[in-house]
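J.: Sharing a structure, written as structure tokens. Questions coming.
The values are calculated or read from the model by the stated rules, or taken from the named source; none is laboratory data. Please read these numbers as outputs of a predicted model, since none were measured by experiment. No Cβ is skipped: glycine too gets one built from the backbone with ideal geometry, and neighbour counts run over all protein chains shown.
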Amino acid sequence: METETQALLSFKQGLLNPYRVLSSWNAGANVDCCDWRGVRCSNNTSSSPHIIGLDLRGSGDERLIGEVGSSLAQLTHLDYLDLSSNEFDRISLQDIGSLINLNYLNLSHNNFATPISPHLGNLSNLSVLDLGSNGWVVDNLRWVSRLSSLKHLDLSSVDLRSNNDWAGIMNKLPVLQRLSLSNCSLPQPVLNPYENTNFSRFLAKLDLSLNHDLNSSIYSWLNNFRNSLTHLDLTRSNLQGFNMDGFENMTSLVFLNLRSTKVDFHSPKWFKNLCNLKLLDLSGNNGGGLLSDVLKLFPQCVLNSLETLYLPSNKLFGSLPDFTIFPSLKELELSFNMLNGPIPQSLGQLSSLEHIGLNQNFLVGEVSEAHFSKLVNLKSLNLDGNSLAFNFKEDWVPPFQLQSISLVNCSFSTRFPRWLRTQNFSYLDISLNRISDTIPDWFWKNLSPDLLYLDISLNEIRGEIPDLDLKFNQMPVIILGSNEFEGQVPAFLFGAQNLDVSRNNFTDISGLCEVRYSPLYLLDACANLLSGQLPNCWDKMPNLVSLSLAYNSFSGDIPTSLGSLTTLKFLNLRINNFSGEIPSWFNYTELKVFDASYNNLSGTIPSWIGSRLPNLVRLSLRFNHFQGNLPSSLCNLRNIEVLDISFNSISGSIPTCLHNFDILTGTSNASMVQDQLRDLILMWKGQERLVHGHNLEIQRGIDLSSNHLTGEIPNEITKLVGLVSLNLSRNELTGQIPKEMGQLQSLDFLDLSRNRLYGPIPSSFSQIWRLSMLDVSYNNLSGSIPPGTQLQGFNTSSYAGNPYLCGDPLKKCVSEQTSFNSNVHVVNEYEKEHTLMTQEMLISISVGFIVGLWGIFASLLLNRRWRHAYFKFLTNIIEKLK
């Protein structure tokens, strides 16, 4: 019908750029909309066909964006509508509720902002309704009870916290077979005993996972379906104290997931009648105990039927049992426990086994071919984090074809494992195995286009990687870091999503210019032997979010094509030889980290950094040749946590608008950026110190040291109460230290040395109780060092070069010495009087002696006869002595 064709065209007009998906939807003469993509028409030949189905499920890049207009209400014969996995933001659910012939409705995985309408309750013929993963909030769920034909209901991630009658509503759906209420913030069920209910006798699959407020009282409702339930998922519910014995009546259970429910699974009864059980997941319950004791709880019928056993993260200990007690076992997961001893060779007898997960235990001993002798169906193997030694013959051919291999730190021989040649893996991690060898060409040539993950890092692998004609289907993660690879990074590797070639000996990265398009999201090429001009073809990787080229020898100008990376969030150019000015990257609105330290960049610091990079969290331009003033626009970096412009030739004053840094003033929450630049370099007494930390909150700092800044320290800096590190040393700052500096109580590192500051150290310094590094040396400070445990605990070098500064740990102040002497006099008055008497006596004796002596000499001097007689007397005495 023409009206239906026009309805589809009207729907298309409400979309943004729909041509990739709906290119076949075009009007014109003799156009049959039944041939359009996603359109299904009736086969009624007696009259004009009607549109009865519309399947526009999105996938990958083929997603529809925009709003679902009211035009779809004209498709009155529609019985199937699937708009899931797109990016719709608005929809008229009242119009959708008018499509009373609908049997299938799927609106899941969109971005709808409109509320769920009770008009959906009009769809009495609906058997499948999926509204999950939209972030909807529903205050009244009663309209669901009118959908009496509903067999499958999915409301996952719909907020139902206001509906304590949700269980009673579900009881009114008589033919319901599958119900998913995962992550719905479900409250405890409140059932009305006087309300008519019609429990479904068919409910087989029930998913109540990720509802953290559900507790053990849920079992009274679950008991209504004990005869029909085959699949039950209660992941991350709170079943602490739950009596597991109640499960013994659910004899139809095939799938039981109790992951992270705090349940005690050591009860001896609850397994008793679960003879149909094929999957049991008790992960993350920290149940503890001997593994052998837990397995004794399983009756023989469960041992025979069980195909999947998940018991990781349960603090289980003891040795591994003889696994032949599980003849049907396909998946075994015992990771992150405390199991010890060797792996029994009986494991190799389970011919049905597809997955083995024994990683992160304390297993020891040798692993040989016998452990895998009959595992012909094995697809996944994870033995990470044990103390195992692999001992395979050089020509061993495994009986299996592994898709996932994780053997981190498993003590391989130094040779590259040859048995990998027969495997068709999409996931391989053999990092940290001390492999010292070249990789054979067959390894690279056998890489699958469906590769998802490859990690051979932290070995000693050398040689070149061949350039293959290989295109990946899945955009894998490839980690080759910390080896000894050399030569060119081949072009095919740039087809990965994440590529880490850091800490190798690569000399050429120009292969990135050989690809037409690269899906790279992260590229880490730091610490190689890369040199020369950086390739100028970055526009070929428009999705790049993180780029690290640090610790190389790139030179010349930073290429302008880097400015085309509009999605970039992390850019690390640290320690290269880049020169010239920073290009005008006006489109870096998402950039959070920019590190161009230790280069030869020059010119002024661009003012657009503050105006065009609103999300910047870390800016490091240290050790370059920047001149001019600090642009006041830097104060627009409200999210900044680390600002480092040290070791340049910046002049002028410190901007007074620093209090605009919302993160550092504590007026905004921390950004919690997760990035690769987790090392903060601090200058301390003219030397660099590398501070490590995964929490960027401990790295909040400002470093403007070793420039030519003048003027006073602005008082506004005392409002940055979130600062952990402040370095203004080696400048020409004058004036006094702001009195309110003690407000910076988060400070751990403070360096104001080698300036021209004068006046006292503010008494508020004693309030900075976290301070562990302080340097105010070589200024003109004076007065007493304020009392405070941490201030007196610093070395004297922290205060050196301030001749008028005194107090502990320096010399005592003069006023203190005078006060001490005065107190001594007052305390001992008797000693004072005794001292005065002694002084008077000494004076009298001295005067008497002098007067008497001069009396004798005066007599001899004035009387000649006495003088001759005296000398004659002395001469006679001398003669006698001879």
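J.: Which residues, counting only those in region 566-581, are of a type in the set (S, T, N, Q) and part of a loop (DSSP other than H, G, I, E, B)?
T.: The answer is THR566, THR567, ASN576.
J.: Next up: Taking the conditions exactly as written (under 16 Å from ASP233 (Cβ atoms) and among the small types (Gly, Ala, Ser)), does SER260 satisfy them or not?
T.: Criteria met by SER260.
J.: Spot the failing condition for PHE765; the list is (1) surrounded by fewer than 14 Cβ atoms within 10 Å (Cβ to Cβ); (2) at pLDDT below 95, and only one is missed.
T.: Among (1) surrounded by fewer than 14 Cβ atoms within 10 Å (Cβ to Cβ); (2) at pLDDT below 95, PHE765 violates only (1).
J.: Hey, another quick one. Go through (1) among the hydroxyl-bearing types (Ser, Thr, Tyr); (2) modelled with pLDDT of 95 or more; (3) over 33 Å from the mean Cα position of the chain (by Cα) for THR414 and report which single condition fails.
T.: Unmet condition: (2).
J.: Tell me, yes or no, whether region 514-529 has at least one residue that is modelled with pLDDT of 95 or more and more than 28 Å from the chain's Cα centre (by Cα).
T.: yes
J.: May I pose another question? Hey, among the residues in region 634-655 that are in a strand (DSSP E or B) and under 26 Å from the mean Cα position of the chain (by Cα), which one's surrounded by the most Cβ atoms within 10 Å (Cβ to Cβ)?
T.: Across region 634-655, the extreme among qualifying residues is ASP644.
J.: Would you confirm, using the coordinates I've provided, whether PRO342 is in the same structural domain as GLN403 (by TED's automatic domain parsing) and under 38 Å from the mean Cα position of the chain (by Cα)?
T.: yes
J.: While we're on this one: Show me the strands (runs of 3 or more DSSP E) entirely contained within region 524-565 in which 1 or more residues are of a type in the set (Ser, Thr, Tyr) and surrounded by fewer than 16 Cβ atoms within 10 Å (Cβ to Cβ).
T.: Counting at least 1 such residues, we get 531-533, 553-557.
J.: Let me ask something else about it. Quick check: is even one residue across region 224-241 assigned to a helix (DSSP H, G or I) and buried (at least 17 other Cβ atoms within 10 Å of the Cβ)?
T.: Checked against the condition, which is being assigned to a helix (DSSP H, G or I) and buried (at least 17 other Cβ atoms within 10 Å of the Cβ), region 224-241 yields at least one hit.
J.: Give me the pairs: first residue in region 470-483 and assigned to a loop (DSSP other than H, G, I, E, B), second residue of a type in the set (Asp, Glu) and surrounded by 18 or more Cβ atoms within 10 Å (Cβ to Cβ), beta-carbon distance under 8 Å, and six or more apart or on different chains, which are they?
T.: Going by the 8 Å Cβ cut-off, the qualifying pairs are LEU480/ASP500; GLY481/ASP500; GLY481/ASP524.
J.: Failed condition for LEU15, given (1) within 30 Å of ASP139 (Cα to Cα); (2) free of Cβ contacts under 8 Å to residues at least 40 places away in the same chain, with all others met?
T.: Checking LEU15 against (1) within 30 Å of ASP139 (Cα to Cα); (2) free of Cβ contacts under 8 Å to residues at least 40 places away in the same chain, the one that fails is (2).
J.: Can you name the residue in region 595-616 that is at pLDDT 95 or above and closer than 15 Å to SER546 by Cα and, of all such residues, is surrounded by the most Cβ atoms within 10 Å (Cβ to Cβ)?
T.: Out of the qualifying residues, it is ASP595.
J.: A further question follows. For region 606-633, which residues satisfy the criterion of being within 27 Å of the chain's Cα centre (by Cα) and part of a loop (DSSP other than H, G, I, E, B)?
T.: Scanning region 606-633 gives LEU613, PRO614, ASN615, LEU616, VAL617, LEU621, ARG622.
J.: In region 293-320, which residues are among the small types (Gly, Ala, Ser) and either modelled with pLDDT under 90 or part of a strand (DSSP E or B) (or both)?
T.: Result: GLY318, SER319.
J.: For TYR453, only one of the following conditions fails: (1) within 23 Å of SER351 (Cα to Cα); (2) among the hydroxyl-bearing types (Ser, Thr, Tyr); (3) surrounded by 15 or more Cβ atoms within 10 Å (Cβ to Cβ). What is its number?
T.: So TYR453 meets the others, but not (1).
J.: Kindly provide the set of residues from region 321-352 that are assigned to a loop (DSSP other than H, G, I, E, B) and under 24 Å from ARG259 (Cβ atoms), ordered by number.
T.: Listed by number, the residues that qualify are PRO321, PHE326, SER328, LEU329, LYS330, LEU334, SER335, PHE336, ASN337, LEU350, SER352.
J.: Can you pull out every residue in region 104-144 that is in contact with an Asp or Glu (Cβ under 6 Å, 6 or more places away or on another chain) and in contact (Cβ under 8 Å) with a residue 40 or more places away in the chain?
T.: Once the filter is applied, which keeps residues that are in contact with an Asp or Glu (Cβ under 6 Å, 6 or more places away or on another chain) and in contact (Cβ under 8 Å) with a residue 40 or more places away in the chain, region 104-144 yields ASN106, SER108, ASP130, GLY132.
J.: Could I ask something else about it? Quick one: how many residues across region 579-594 are within 15 Å of LEU568 (Cα to Cα) and either within 27 Å of the chain's Cα centre (by Cα) or at pLDDT 95 or above (or both)?
T.: The qualifying residues number 9.
J.: Within region 281-315, track down each residue that is buried (at least 20 other Cβ atoms within 10 Å of the Cβ), more than 29 Å from the chain's Cα centre (by Cα) and under 19 Å from GLN240 (Cβ atoms).
T.: Across region 281-315, there are no qualifying residues.
J.: Turning to a different aspect of this structure: So the check is Cβ under 8 Å with 6+ separation or different chains; which pairs have a first residue in region 197-223 that's modelled with pLDDT under 85 and a second one that's aromatic (Phe, Trp, Tyr)?
T.: Hits for this filter: PHE199/PHE225; SER200/PHE225; ASN215/PHE242; SER216/PHE242; TYR219/PHE242.
J.: Across region 359-412, which residue is farthest from SER335 (Cα to Cα) among those that are among the β-branched types (Val, Ile, Thr) and touching a strand residue (DSSP E or B) at 6+ places or on another chain (Cβ under 7 Å)?
T.: Top of the filtered list is VAL367.
J.: Another question, if that's okay. Going by what's in this entry, would GLY38 be described as on the phi > 0 side of the Ramachandran plot, surrounded by 10 or more Cβ atoms within 10 Å (Cβ to Cβ) and at pLDDT 90 or above?
T.: yes
J.: Need the failing condition index for LEU432 against (1) touching a Ser or Thr at 6+ places or on another chain (Cβ under 7 Å); (2) at positive phi; (3) not charged (D, E, K, R), just the number.
T.: Result: LEU432 passes all but (1).
J.: Does GLN360 satisfy being in the same structural domain as GLY288 (by TED's automatic domain parsing), without any contact (Cβ under 8 Å) to a residue 24 or more places away in the chain and assigned to a loop (DSSP other than H, G, I, E, B)?
T.: No.
J.: Let me ask another. Out of region 506-520, which residues are without any contact (Cβ under 8 Å) to a residue 40 or more places away in the chain, surrounded by fewer than 20 Cβ atoms within 10 Å (Cβ to Cβ) and not in a helix (DSSP H, G or I)?
T.: Within region 506-520, THR507, ASP508, VAL515, ARG516, TYR517 qualify.
J.: Separate question: Out of curiosity, is LEU601 touching a helix residue (DSSP H, G or I) at 6+ places or on another chain (Cβ under 8 Å), touching a residue at least 12 places away in the same chain (Cβ under 8 Å) and outside any loop (DSSP other than H, G, I, E, B)?
T.: Here the answer is no, as LEU601 does not meet what is asked.
J.: Which one of these does SER283 not meet: (1) in contact (Cβ under 8 Å) with a residue 40 or more places away in the chain; (2) not in a loop (DSSP other than H, G, I, E, B)?
T.: Among (1) in contact (Cβ under 8 Å) with a residue 40 or more places away in the chain; (2) not in a loop (DSSP other than H, G, I, E, B), SER283 violates only (2).
J.: Which condition from (1) assigned to a helix (DSSP H, G or I); (2) in contact with a Pro (Cβ under 8 Å, 6 or more places away or on another chain) is the one that PHE494 breaks?
T.: With respect to (1) assigned to a helix (DSSP H, G or I); (2) in contact with a Pro (Cβ under 8 Å, 6 or more places away or on another chain), PHE494 is out only on (2).
J.: While we're looking at this one, here's another question. State yes or no: is ASN285 closer than 28 Å to ASN183 by Cα, modelled with pLDDT of 85 or more and out of contact with any strand residue (DSSP E or B) (no Cβ under 9 Å at 6 or more places or on another chain)?
T.: When the stated conditions are applied, ASN285 passes them.
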